[in-house]
Amino acid sequence: EAKNAGRNHYQFYRKDFTAAIQDRLNMEINLRNAIAKNELQLYFQPQYRAKDRVLCGAEVLIRWFHQVDGQIKMVPPNHFIPVAEESGLIVDIGRWILRTACKQLKTWQQEGIPLPQVSVNISARQFSDPDFLEMVENALGDSELAPEHLELEITESMLVGDIKRIELQLKRLKKMGIHLALDDFGTGYSSLSYLKNFPIDVLKIDQSFIREMTNDSRDANIVRAIIEMGHSLGQKIIAEGVETEKQLGYLVGRECDIIQGYFFSPPLPGHKMTDLLCSERKNIGKPKQKSLIN
Ligand code: C2E
Ligand code: MG
Ligand code: MG
Ligand code: MG
């Protein structure tokens, strides 16, 4: 009996397993055509300066609107980015994302919208691609976007391994004038010592801490500690996943620099972002420089 149960179990398992592999294979095949079929779209989530709620940038988040039998199905990035990573397709997709993001910001600027920057997520496979730097240079060069308007988001998991090579690559990006942000900060396995050597401009506090911050004092303390540590190293702090006034209040009180989350806005498709930027035109930009004369 036990043997039978075991066998059935195995067969169920094998069936699920085969189906899962098939799904993954199908996704890879479909993803291969997604760019050519215009199924990928950039969404933009506005970022606001905490102290005065001035719109100071936007994170680019990819969406895949996959068409099957006349139906459109939105596949979230958490589903397809890992497949794109493992198959290597992320190199082509990531190039397209970066180029499109740079062109979009340049277009906004040419239309008189002074959005200071876009922030683009970079995956590990892209970052370790030997042509990565050249790819970034070309995206900037072809769009004629000035590098200080571009921020790249990397994660702690990309900062382990060949430290010397990573440090060199980050320094080259910095030298180009690009800003570097560390995404999902506090969830990785790498050591804090890299913060000393790597030229990171911005820490993005992971949203898991923000979510519990107003219920759990331990999360609140972690958030406060990250802000203080980052500031003492000369970094700016972004809180992501901010959904409530209460969370915003805590972060403003702790002098967090930038706020991103549903409290202000979900990620928006390009045309909606354009509408928002036009309606907020007077509330966009860099901090007002303190006058030297006054
Ligand atoms: P991430 O870079 O940490 O992006 C933040 C995620 O939080 C986004 O999910 C965003 O839509 C979501 N979010 C923003 N505000 C809130 C909020 O107030 N509450 C909650 N609960 N969530 C919020 P999304 O767009 O589904 O992206 C998930 C992840 O997929 C991203 O995490 C990033 O790791 C990856 N990803 C997205 N776009 C790209 C891309 O263009 N390239 C690469 N390599 N990865 C991407
Ligand atoms: Mg991100
Ligand atoms: Mg994040
Ligand atoms: Mg994330």
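At full extension, Asp23 and Ser208 could sit 63.7 nm farther apart than now, given 0.36 nm per residue minus the alpha carbon distance.
Taking max minus min of the alpha-carbon positions on each principal axis, the chain gives extents of 87, 45, 41 Å, largest first.
Report the calculated FRET efficiency for Arg53 and Arg14 (r = Cβ-Cβ distance, R0 = 51 Å), to the nearest 0.05. Don't skip to the end; give the middle numbers.
On the way: r = 55 Å, r/R0 = 1.08.
The pair Arg53/Arg14 has a calculated efficiency of 0.40.
Placing a pseudo-label 7 Å from each Cα along the Cα-to-Cβ vector at Lys282 and Glu255 gives an inter-label distance of 3.1 nm. The apolar share of the surface of region 21-138, taken as the fraction of accessible area on carbon and sulfur atoms (1.4 Å probe, ligands and nucleic acids excluded), comes to 47 percent.
Using only the alpha-carbon atoms of region 84-160 as identical scatterers, what base-10 log of I(q)/I(0) does the Debye formula give at q = 0.12, 0.19 Å⁻¹? Reported log10 I(q)/I(0), two decimals: -0.34, -0.78.
Counting only protein heavy atoms, what percent of the accessible surface of region 161-294 is carbon or sulfur at a 1.4 Å probe? Please list the in-between numbers first.
Working: 4030 of 7670 Å².
About 52 percent, which is the carbon plus sulfur part of the accessible surface.
In region 74-202, inverting the average of 1/r over every pair of distinct C-alpha atoms gives 15.3 Å as the Kirkwood radius.
Let me have the 222 nm mean residue ellipticity of the chain computed from DSSP H runs of 4+ only, each contributing -39500 (n - 2.57), with the sum over all residues rounded to the nearest 500. Mean residue ellipticity at 222 nm (helix-derived): -15000 deg cm²/dmol.
Solvent-accessible surface of the chain, taken per residue with a 1.4 Å probe and all protein chains present: 55 Å². Each Cα pair under 8 Å and six or more residues apart adds its separation to the average, and for the chain the resulting relative contact order is 19 percent.
Exceeding 32 Å between C-alpha atoms, which entries from my cross-link table qualify? They are Lys73/Lys164; Lys174/Lys246; Lys51/Lys106; Lys37/Lys196; Lys73/Lys204; Lys196/Lys272. Could you put the intermediate results ahead of the total?
Numbers: Lys73/Lys164 43 Å; Lys174/Lys246 35 Å; Lys51/Lys106 27 Å; Lys37/Lys196 44 Å; Lys73/Lys204 30 Å; Lys196/Lys272 39 Å.
Check vs 32 Å cut-off fails for Lys73/Lys164; Lys174/Lys246; Lys37/Lys196; Lys196/Lys272.
Here the Karplus curve 6.51 cos²θ - 1.76 cosθ + 1.60, taken at θ = phi - 60°, turns the phi angles of region 198-213 into couplings of 8, x, 8, 8, 9, 10, 9, 5, 4, 5, 5, 6, 5, 4, 9, 3 Hz, with x standing for Gly and Pro. When the chain is treated as a Gaussian network with alpha carbon springs shorter than 10 Å, the biggest mean-square fluctuation among Ala58, Ala101, Ala34 belongs to Ala34. The phi-based Karplus calculation (6.51 cos²θ - 1.76 cosθ + 1.60; θ = phi - 60°) puts the 3J(HN,Hα) values of region 45-59 at 10, x, 10, 10, 5, 4, 6, 9, 6, 7, 6, 10, x, 8, 8 Hz, whole numbers, x for Gly and Pro. Just the number, please: percent antiparallel of the DSSP beta bridges in the chain, rounded to the nearest 5. Antiparallel bridges: around 45 percent, rounded to the nearest 5. The heavy atoms of Glu144 offer some 130 square angstrom of accessible surface to a 1.4 angstrom probe. Measuring with a 1.4 angstrom probe and ignoring ligands and nucleic acids, Thr274 comes out at about 40 Å² accessible.
The values are calculated or read from the model by the stated rules, or taken from the named source; none is laboratory data. What you see is a predicted model; the values in this text were computed from it and never measured. Cβ atoms come from the backbone with ideal geometry, glycine included; neighbour counts cover every protein chain shown. Accessible surface areas use protein heavy atoms only, side chains included; no ligands, DNA or RNA. Shrake-Rupley method; radii C 1.70, N 1.55, O 1.52, S 1.80 Å.
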